[in-house]
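For reference, the structure discussed in these notes is given below.
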Amino acid sequence: MDIALRRGFIWPSFEIYGGVGGFYDFGPLGTILKNKIIQKWRDYYVFGEGFFEIDSPSVTPEEVLKASGHVDHFLDAMTECQKCGAAFRVADVAREATGKDVEGMSRHEMEQFMQEHRVRCPDCGGELGPVFDFNAMFRTTIGPGAKRVAYLRPETAQAMFIDFKRLQRHARGKLPFGVVQIGKGYRNEISPRQGIIRLREFTMAEAEVFFDPDDPHHPKFSDVASEELRLWLAGDQERGKKLLNEVTAEQAVKKKLVCNELMGYYLALTKRFLIDLGIPSGAIRFRQQTPGQRAHYSAETWDAEVSTERFGWVEVAGLAYRTDYDLSRHAKSSGEDLTVFSADKKRKVMCHVVEPSYGIDRPLYCVLEHALVQEKNRTYLRLKKDMAPIEVGVFPLISRDGLPEKALAVYEGLRGKGLMAEYDDSGSIGRRYARADEVGTPYCVTIDHQTLRDGTVTIRDRDTTRQIRVGIEKLSNVLCSLLRDEVSFMDAGEAVKKRGGS
Ligand code: ATP
Ligand code: GLY
């Protein structure tokens, strides 16, 4: 978090006014990294799966969210300290104090639990007040006069249900078909204290996969059938067992550990996506939500969780079997017929939905934490090369003798070839390498006196700190090959003897 703040990945929003909990800005490097995560997500879901992408408003009229159940059920149990007035999610204070899960209990049972276990205010030790419901949606009104109530969307999903008829026509009646939306979601979280893990405005990337309930198959299931999944079943959690079921996606479906083949497929795809971001497979597990933890629309939910040093296991995506809950509710509430012909075209059906729903901010934190390497003499981010916000740093060895001019020309040339290069001439060369390491820049190019004599520059490799020399005319091609892992570093140029420290 320190490097992320210092080096321009993220910082608190509204900072000069004291900041507001649950809101963060992405700085110059964070914005690039975030866009790279979104682009990779699109590679999987829009290009890989062939899903359609839509873009709808964040402001959502009340009737939509009444029909979807969010007005009545998007509730968190909260309590306030009688002494200092701090507000808490009951599930969080109860878990922190006792290690036990109270989600799924009635409000009355929660109150009894808090009294029995003498749960007090974690801030001042004061007594906690009654448990009451808090709807986590931000409320607003449309137009002047406060007549039409609306909410900022708590999920991007609803537009994909509302637009279902048009989208299904766009898919020419084919089932299954999928739709995605990437955009902001808003939740008025009760007491966000975990940086970008719990935000009040965050980016979601959601896919709704519409299918015939009698035919929940994925046409490409065989591609992922052998993917190993680590599943923590709801029943085992309820019995207090930490045991993970290690099964292939195929076994998970065959043994009915997951509700259907589509769910098995998207669990496997989620694992691949997270690994592709740079998260080690050993740090990924799927936790099945217990019935008490599930959202009102879900018949089965799996949370993709990533192990982190700072926050423990963090949910980065939720995969829910939403059945025909949303389509049926919107059909009833709007009066539209939302049934379609089944996959075999013989029956009319209300489609069922499997929804892989990802946050973008939480995976971004996990990517940064897992990339951080702290060695005796240096700290660096071992980001995957395709995730690094800056691909190449360009430095003049010293700020005179015509080296800055030459370095700027090299820098412009690389930008012109589409490489995300950054020019840096401030401080010693060692400090510039250290800064580039801290933001995960995989390669640094240095222009030195030899460059003026023979037109060659050095390239330094972030992970090994080794250096090679290459001619400027070949530089962009060599860097592109290195960034795509098409050539090994030491084969890409002439080895430079190591100088102390840099
Ligand atoms: P949690 O239990 O941690 O509150 P959730 O179960 O409410 O999360 P979902 O409703 O499944 O989360 O939302 C899908 C994804 O959106 C999550 O996996 C997470 O990546 C992201 N997300 C949800 N709430 C937040 C938040 N407050 N801040 C940042 N990301 C969030
Ligand atoms: N769309 C999933 C969620 O908001 O929980």
Single unsatisfied condition, Ser357 versus (1) within 30 Å of Gly430 (Cα to Cα); (2) within 14 Å of ligand 2 (Cβ to nearest atom): (1)
So, restricting to strands (runs of 3 or more DSSP E) that lie completely within segment 223-294, which ones have at least 1 residues that are more than 23 Å from the chain's Cα centre (by Cα) and of a type outside the set (Ser, Thr, Tyr)? 245-248
Consider Asp133 against the criteria (1) open to solvent by less than 40 Å² (accessible area, probe 1.4 Å); (2) more than 16 Å from ligand 2 (Cβ to nearest atom): it satisfies all of them except one. Which criterion is unmet? (1)
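For (1) open to solvent by 40 Å² or more (accessible area, probe 1.4 Å); (2) of a type in the set (Val, Ile, Thr); (3) within 12 Å of ligand 1 (Cβ to nearest atom); (4) at positive phi, each residue gets a yes or a no:
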site: Arg118; (1), (2), (3), (4): yes, no, no, yes
site: Thr140; (1), (2), (3), (4): yes, yes, no, no
site: Ala150; (1), (2), (3), (4): no, no, no, no
site: Pro154; (1), (2), (3), (4): no, no, yes, no
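Are there strands (runs of 3 or more DSSP E) fully within segment 308-383 with at least 3 residues that are not aliphatic (A, V, I, L, M)? List them.
On the way: elements: 312-323, 352-359, 372-374, 379-381.
Strands (runs of 3 or more DSSP E) meeting the threshold: 312-323, 352-359.
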Just checking, how many residues over segment 446-467 are of a type outside the set (A, V, I, L, M), in contact (Cβ under 8 Å) with a residue 24 or more places away in the chain and in a helix (DSSP H, G or I)? 2
Taking Met105 as meeting all but one of (1) closer than 30 Å to Lys242 by Cβ; (2) out of contact with any Phe, Trp or Tyr (no Cβ under 9 Å at 6 or more places or on another chain), write down the number of the exception. (2)
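Would you be able to tell me the number of residues in segment 199-225 that are free of Cβ contacts under 8 Å to residues at least 60 places away in the same chain and more than 20 Å from Glu305 (Cα to Cα)?
So in segment 199-225, the residues free of Cβ contacts under 8 Å to residues at least 60 places away in the same chain come out as 217-225.
If we keep only those that are more than 20 Å from Glu305 (Cα to Cα) too, we end up with 217-223, 225.
So the count comes out to 8.
Test Gln181 against the criterion of being outside any loop (DSSP other than H, G, I, E, B), surrounded by 16 or more Cβ atoms within 10 Å (Cβ to Cβ) and in contact with a Ser or Thr (Cβ under 9 Å, 6 or more places away or on another chain), and give yes or no. I'd like the intermediate steps shown before the answer.
On the way: outside any loop (DSSP other than H, G, I, E, B): yes; surrounded by 16 or more Cβ atoms within 10 Å (Cβ to Cβ): yes; in contact with a Ser or Thr (Cβ under 9 Å, 6 or more places away or on another chain): yes.
Against the criterion (outside any loop (DSSP other than H, G, I, E, B), surrounded by 16 or more Cβ atoms within 10 Å (Cβ to Cβ) and in contact with a Ser or Thr (Cβ under 9 Å, 6 or more places away or on another chain)), Gln181 qualifies.
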Filtered residues of segment 200-217 (kept if over 23 Å from Leu274 (Cα atoms) and crowded, with 18+ Cβ neighbours inside 10 Å): Arg200, Phe210, Phe211, Asp212, Pro216
Candidates Lys220, Lys165, Lys174, Lys241, filtered to the one that is touching an Asp or Glu at 6+ places or on another chain (Cβ under 8 Å) and open to solvent by 10 Å² or more (accessible area, probe 1.4 Å): Lys165
Does segment 187-199 include one or more residues that are within 9 Å of ligand 1 (Cβ to nearest atom), outside any loop (DSSP other than H, G, I, E, B) and either open to solvent by 20 Å² or more (accessible area, probe 1.4 Å) or touching a helix residue (DSSP H, G or I) at 6+ places or on another chain (Cβ under 8 Å) (or both)? yes
Candidate set: segment 467-501, residues that are of a type in the set (Val, Ile, Thr) and under 34 Å from the mean Cα position of the chain (by Cα); chosen: the one least open to solvent (accessible area, probe 1.4 Å): Val478
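The values are calculated or read from the model by the stated rules, or taken from the named source; none is laboratory data. Predicted, not measured: the structure shown is a model, and the values here were computed from it. Glycine gets a Cβ as well: all are built from the backbone with ideal geometry, and neighbour counts include every protein chain shown. Note: areas computed on protein heavy atoms with side chains; ligands, DNA, RNA excluded. Shrake-Rupley method; radii C 1.70, N 1.55, O 1.52, S 1.80 Å.
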